[in-house]
1. Just for the stretch 1-57: of the residues that are touching a strand residue (DSSP E or B) at 6+ places or on another chain (Cβ under 7 Å) and at positive phi, which one is modelled with the highest pLDDT?
2. Can you find a residue in the stretch 116-123 that is of a type in the set (D, E, K, R), within 30 Å of VAL9 (Cβ to Cβ) and in a helix (DSSP H, G or I)?
3. If a residue has to be hydrophobic (A, V, I, L, M, F, W, C), surrounded by fewer than 21 Cβ atoms within 10 Å (Cβ to Cβ), touching a residue at least 40 places away in the same chain (Cβ under 8 Å) and in a helix (DSSP H, G or I) to count, how many in the stretch 73-108 make the cut?
4. Within the stretch 12-28, which residues are in a strand (DSSP E or B) and in contact (Cβ under 8 Å) with a residue 40 or more places away in the chain?
5. So the check is Cβ under 7 Å with 6+ separation or different chains; which pairs have a first residue in the stretch 31-52 that's without any contact (Cβ under 8 Å) to a residue 12 or more places away in the chain and a second one that's assigned to a loop (DSSP other than H, G, I, E, B)?
6. Take VAL28 and decide whether it is out of contact with any Phe, Trp or Tyr (no Cβ under 6 Å at 6 or more places or on another chain) and more than 23 Å from ARG85 (Cα to Cα).
7. Which ones in the stretch 29-72 are within 18 Å of ALA116 (Cβ to Cβ) and in a strand (DSSP E or B)?
8. Restricting attention to the stretch 47-60, does a residue exist that is closer than 28 Å to VAL9 by Cα, surrounded by fewer than 20 Cβ atoms within 10 Å (Cβ to Cβ) and among the polar types (S, T, N, Q)?
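The values are calculated or read from the model by the stated rules, or taken from the named source; none is laboratory data. Predicted model only: the values in this text are computed from it and were never measured. Cβ: placed from backbone, ideal geometry, glycine included. Neighbour counts: every protein chain shown.
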Amino acid sequence: MVGDRDRPVVQTVFRWCTDPTPSDDVGVWLDRGDPAVPDWLHPFGGRVLVDRDAGGNVVSGVGVKRHDSIGHELAVVTTPAARGRGLAAALVAQAARSILSQDGLPIYLHLATNAASAHVAESAGFMDTGWIGLALQDK
């Protein structure tokens, strides 16, 4: 048996991209320690890619988990008020282009049950090629 009663196994979809969807650059790279960067982007090392509203508040952001010198996993969050405008996909595609320009490979993981994240990934050019991962869910 894999897992236990307190930590069930969840399925993730593993995607990568070598040809991100063309889009205008909508975000700006900031150091994660910049005071404008919200707490939800602090777990990522280095810089984060953010988009701000007219008041200067970050409404969407992409963090990069650098697994090694090549594999760079993207994670995106968008505030509820800014969802549904394609902002997350545009930021993910922009971050993917940046990673590719530095000879890295952008990767994107999401829960198999997360339809919104799957839509963002595909809109940004990260197709589902059938690769999955299994993970123990946090308590």
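1. Checking each candidate, the answer is GLY46.
2. Checked against the condition, which is being of a type in the set (D, E, K, R), within 30 Å of VAL9 (Cβ to Cβ) and in a helix (DSSP H, G or I), the stretch 116-123 yields at least one hit.
3. Here the count works out to 2.
4. THR12, VAL13, PHE14, ARG15, TRP16 - these are the residues of the stretch 12-28 that are in a strand (DSSP E or B) and in contact (Cβ under 8 Å) with a residue 40 or more places away in the chain.
5. So the pair list comes out as HIS42/ARG32.
6. Values: out of contact with any Phe, Trp or Tyr (no Cβ under 6 Å at 6 or more places or on another chain): yes; more than 23 Å from ARG85 (Cα to Cα): no.
Taking the combined requirement at face value, the residue does not satisfy it.
7. Within the stretch 29-72, the first condition is being within 18 Å of ALA116 (Cβ to Cβ), and the residues that meet it are 40, 51, 59-63.
Selection gives ASP51, VAL59, SER60, GLY61, VAL62, GLY63.
8. Taking the stretch 47-60 first, the residues closer than 28 Å to VAL9 by Cα are none.
Looking for residues that are closer than 28 Å to VAL9 by Cα, surrounded by fewer than 20 Cβ atoms within 10 Å (Cβ to Cβ) and among the polar types (S, T, N, Q), one finds none in the stretch 47-60, hence no.
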